[in-house]
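Okay, structure first, notes after.
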Amino acid sequence: MKNRLLPLLILVVTITACKDDSKNSNSNEVNIAIDKALDSKTNPWTGKLDQLLTLQMAAKAFGYEPSEAEVNYRKIFENPDTHDLSYEWDKGREKEMDVPHVGKMMFPEKDRIELRWVKATSLENFKNNYRTPTKEELANAEKGMKENMAEQVKQGKITQEQADMATGLGSSLGSGVSYDVVNNVGEYALWNNKDKNLSVFYKGLQFQLAVYLGDEAANKAKAIAIAQMIIKEKL
């Protein structure tokens, strides 16, 4: 079985390792790398994430007023598969975080829902992309990343320091990932136990939802409810 983890991790480290100079050249390289890694196909929701999950739908799911929401539709890269949408409400909630050399501190965190990775795909590819990687696959991916970064250093595109930093980041992304199947959501759905998000496949389309309400169980339950809402009302 082809290991699809490697091209995606190489994509991440390539983006991370881009130098600040030659910005236009790097931008073109990143967009080409994204297209190659994602193997994108046109889908009816390209450029229309805010129609797949509307503000009214998100507000209804959260029980909040639409007029109080902050809407963010991010299109950082050209490939529409990388675009994402979020709705946020400031409810005065705080989240405890560990700060290096300081300790635990409280920081403001808004209640929000994020929709991302909306793309056309097959069930076979979806299952292959969203599954717990084996130790062998992680080892092969790390080897591939190191070879890719070494080649970029050789070509003078990045420094060794950038390569080491990017490779470390890429390795951490694959480490510790595991999925649980979620029943009664689309044709196939998985909960990411590391990143705490829900990936769904239905009728040739995949999408991913992440909810932040301050409680993991509530986040998962709300993500499932919103996924079911999207399928019922839009698909």
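The values are calculated or read from the model by the stated rules, or taken from the named source; none is laboratory data. Values in this document were obtained by computation on a predicted structure and should not be read as measured data. For neighbour counting, all protein chains shown are included, and Cβ atoms are generated from backbone atoms with ideal geometry for every residue, glycine included. Each accessible area value is taken on the protein alone, full model and side chains, heavy atoms only, with ligands, DNA and RNA left out. Shrake-Rupley method; radii C 1.70, N 1.55, O 1.52, S 1.80 Å.
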Check your understanding: Is segment 84-168 best put as rounded, prolate or oblate by its Cα gyration tensor, with a ≥ b ≥ c the root eigenvalues, rounded for a/c under 1.5, and otherwise prolate when a/b is larger than b/c, oblate when not?
Key -> oblate
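Pop out the carbon and sulfur fraction of the accessible area of segment 53-172 as a percent, whole number, probe 1.4 Å. If you can, show how the numbers build up before the last one.
Numbers: 3700 of 7140 Å².
Ligands and nucleic acids excluded, carbon and sulfur give 52 percent.
Above 23 angstrom, tally the Cα pairs of segment 146-235 and express them as a % of all pairs, no decimals. Intermediate values should be presented prior to the final figure.
Working: 1768 of 4005 pairs.
So the portion of pairs separated by more than 23 Å is 44 percent.
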Study note, to complete from the structure: Lys and Arg at +1, Asp and Glu at -1: neighbours of Val71 with Cβ under 9 Å from its Cβ sum to -3
Exercise for review: Describe numerically, in nm with one decimal, the distance between label points set 7 Å from Cα along Cα→Cβ at Asp50 and at Asp180.
Suggested key: 3.5
Revision key, fill the gap. For segment 179-235, the percent of accessible surface on carbon and sulfur atoms (probe 1.4 angstrom, ligands and nucleic acids excluded) is 44
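In what sequence, largest accessible area first, do Tyr130, Tyr73 appear using a 1.4 Å probe?
Values: Tyr130 35, Tyr73 60 Å².
Order by accessible area, largest first: Tyr73, Tyr130.
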Check your understanding: In square angstrom, what is the accessible area per residue of segment 72-216 with a 1.4 angstrom probe?
Key -> 55
Check your understanding: At a probe size of 1.4 Å, how large is the accessible area of Leu190, to the nearest 10 Å²?
Key -> 10
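I want the local charge near Arg93. Using Cβ-Cβ distances under 12 Å, sum +1 for each Lys or Arg and -1 for each Asp or Glu among the other residues. Before the final figure, lay out each step's value.
Working: positive: Lys91, Lys95, Lys110, Arg112; negative: Glu88, Asp90, Glu94, Glu96, Glu109, Asp111, Asp215.
Here the count lands on -3.
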Check your understanding: Per residue, what volume in Å³ does the convex hull of the Cα atoms of segment 83-134 enclose?
Key -> 144
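Can you flag which of Lys146/Lys222; Lys48/Lys157; Lys41/Lys127; Lys196/Lys234; Lys91/Lys222 are past 28 Å Cα-Cα?
Working: Lys146/Lys222 39 Å; Lys48/Lys157 35 Å; Lys41/Lys127 17 Å; Lys196/Lys234 24 Å; Lys91/Lys222 17 Å.
Over 28 Å Cα-Cα: Lys146/Lys222; Lys48/Lys157.
What number comes out for the charge environment of Asp84, summing +1 per Lys or Arg and -1 per Asp or Glu over other residues with Cβ under 9 Å away? Display every interim value, and only then the final one.
Details: positive: Arg74, Lys75, Arg116; negative: Glu114.
Within the 9 Å Cβ shell, the charges total +2.
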Exercise for review: Can you pull the one-decimal nm distance between simple spin-label points at Val71 and Lys154, each 7 Å off the Cα toward Cβ?
Suggested key: 4.9
